[in-house]
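The structure under discussion appears below in the form of structure tokens.
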Amino acid sequence: MYFGLSTKDVRKLAFEFAKKMNLKMPAYWTENEFAGIDWFLNFIKRNPTLSIRQPEATSLSRSMNFNPINVNIFMDKYESVITKHKFEAFQIFNLDETGITTVQNPCKIVAQKGKKQIGAITSAERGTLVTMCLAVSAVGNAIPPMFIFPRVNFKDHFIRGGPPGCIGTSNKSGWMQGEEFLKFITHFTNHVRPTIEKKVLILLDNHESHLYLPVIDFCRANGIVLLSFPPHCSHKLQPLDRSVFGPFKKCINQEMDSWLKSNPGKRFTIYDLPAVTTNAILNAATPRNITSGFAVSGVWPFNRNAFSIDEFAPAVVTDIMLHTTENNNETQSINTEIPSINTITQTPSINVEIAEQRLSDKISPEMVRPYPKVQIHQKIGKKGGRKKGKTAILTDTPEKNELENKAKKKNENIKRKLFNTDKKSKKVKATAIKKQKNKNKTLVIDSDDDEDAFCTICSELYSDSKSGEPWIQCVRCKLWSHEACTPQNYTAYYICDNCEADN
């Protein structure tokens, strides 16, 4: 259920279970409120099927969405497609992207025991990401990959030394986008040569670039059927994720380590990635690995029951899943019946009172620490935000129409935002002009006030004085006086009698 117990949790559970059973236990168990380390070591020895493992981080979305409902919906669509077009193994492909960075995870080395820090050379603290897109078929063949570099303009020397037949492109981010995906689909078509009479099937995820309308139109015109996986289920349903990309990342780390050892003092750049990728793909994308990925995911040979019940255990915690309604083509969040915890774990009920009635004086560890379960009032309901994806045959007419409507609505929203922004900018500009006019008006009023200044000596107003009569301003109080009223022995800086008296 992805809520595993650490060594300390197991020792804590053992103490709570022993206390519930009224068993005799060492005194330090009661003091520390968990079992001792000696008990845990003996427990591991008595159960050789158990070991301490490093779990793989799995998001809540993946654990919640990989459930029997979503898998069955996908399998229904997949079965209808292969039945309708009578696809064989050589006509079924899986396509996905993966990121390659210029900073590798160093491989394990031989070192002295007890040494605290063991180092390994990398090119930088943080690497630059290059996206690689790869397609494989159910018979074990692989299409030459495409590399996407984080550069504005692409040059041919970027892919020098790469896998034979590979291509490259670039954009500012280095990620897969709609135009780049259209280029890869064209590259795919050149190698596979599908036609309207002999179509091929591509399984892919719901990434935004895969829903690019020109790509859908190109696939419909060239005999390519696109089927998308349910959202957040590619870690189980996608063959490339199951058996190819894992070995590929390990191989490319080894190749990058070898490159750095062969080129001491040099930095590994994005232009060196295609060369080291060549051997990594040959060693990872083998026919055995590829066909194994299609088999374990139930794609080929087609196996609706490829996943055991316990693989759906993480979804039991929430009992919330995505259900696709065929009538309105909307994705809703609803509570659906899925296998209970008892079915998955083959243990007594989660309700302690019922379990005590059934087992009388027997006590289960589940009674001491129940399985994790979201309360009904805490369940996630329908909320706003981006609309959830769904498994769909993207090249079918209803799905294509839905994508067109979505794109049209998106363009209308963009135009509306641009219009509102332009309108707002015009309003701000008008406000600024109005403020400037008010400011100029204030300046005029101030100048009128200066015209009515009075002489500090004779008190005559400036407006009543003779035209062209000279006035002089005190440098301290800034008041004005007739030049004729002031003493004639002042220097360039005049100071009135009042300011002189203050000194």
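Structure data summary
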{"item": "Spatial separation of Cα centroids for region 226-290 and region 104-143, in angstrom", "result": "9"}
{"item": "Gain in span if fully extended, Ser364 to Val296, counting 0.36 nm per residue against the direct Cα distance", "result": "21.0 nm"}
{"item": "Residues with amide H under 5 Å from that of Ala135, placed H, sequence gap 5 or more", "result": "Ile143"}
{"item": "Where labels lie 7 Å past Cα in the beta-carbon direction, separation of Glu500 and Arg46 in nm", "result": "11.1"}
{"item": "Beta bridges by DSSP in region 127-174, antiparallel share as percent, to the nearest 5", "result": "50"}
{"item": "Two-site FRET efficiency, Ala27 against Gln112, from Cβ-Cβ distance with R₀ of 41 Å, rounded to 0.05", "result": "0.50"}
{"item": "For Glu88, solvent-accessible area (1.4 Å; no DNA, RNA or ligand), Å²", "result": "90"}
{"item": "Backbone HN-Hα couplings from phi across region 28-39 [Karplus 6.51/-1.76/1.60, Hz, Gly and Pro as x]", "result": "6, 5, 5, 5, 8, 6, 7, 5, x, 5, 5, 5"}
{"item": "Kirkwood Rh (inverse of mean 1/r, distinct Cα pairs), region 167-317, angstrom", "result": "18.1"}
{"item": "Segment Glu469-Ile37, length gained on full extension (0.36 nm per residue, minus Cα span)", "result": "145.0 nm"}
{"item": "Additional length obtainable on full extension of the chain from Lys8 to Ser59, 0.36 nm per residue less Cα span", "result": "16.0 nm"}
{"item": "Which listed pairs, of Lys45/Lys115; Lys19/Lys373; Lys84/Lys198; Lys199/Lys400, have C-alpha distances above 21 Å, in listed order", "result": "Lys45/Lys115; Lys19/Lys373"}
{"item": "Per-residue HN-Hα couplings for region 130-144 [Karplus 6.51, -1.76, 1.60; θ = phi - 60°; Hz; x = Gly/Pro]", "result": "10, 8, 10, 10, 9, 10, 10, 10, 6, 8, x, 8, 10, 7, x"}
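The values are calculated or read from the model by the stated rules, or taken from the named source; none is laboratory data. Nothing here was measured: the structure is a model prediction, and the numbers come from that model. All Cβ positions, even for glycine, are placed from backbone atoms using ideal geometry, and neighbour counts span all protein chains on display. In case anyone asks, the SASA skips ligands and DNA or RNA and just uses the protein heavy atoms, side chains included. Shrake-Rupley method; radii C 1.70, N 1.55, O 1.52, S 1.80 Å.
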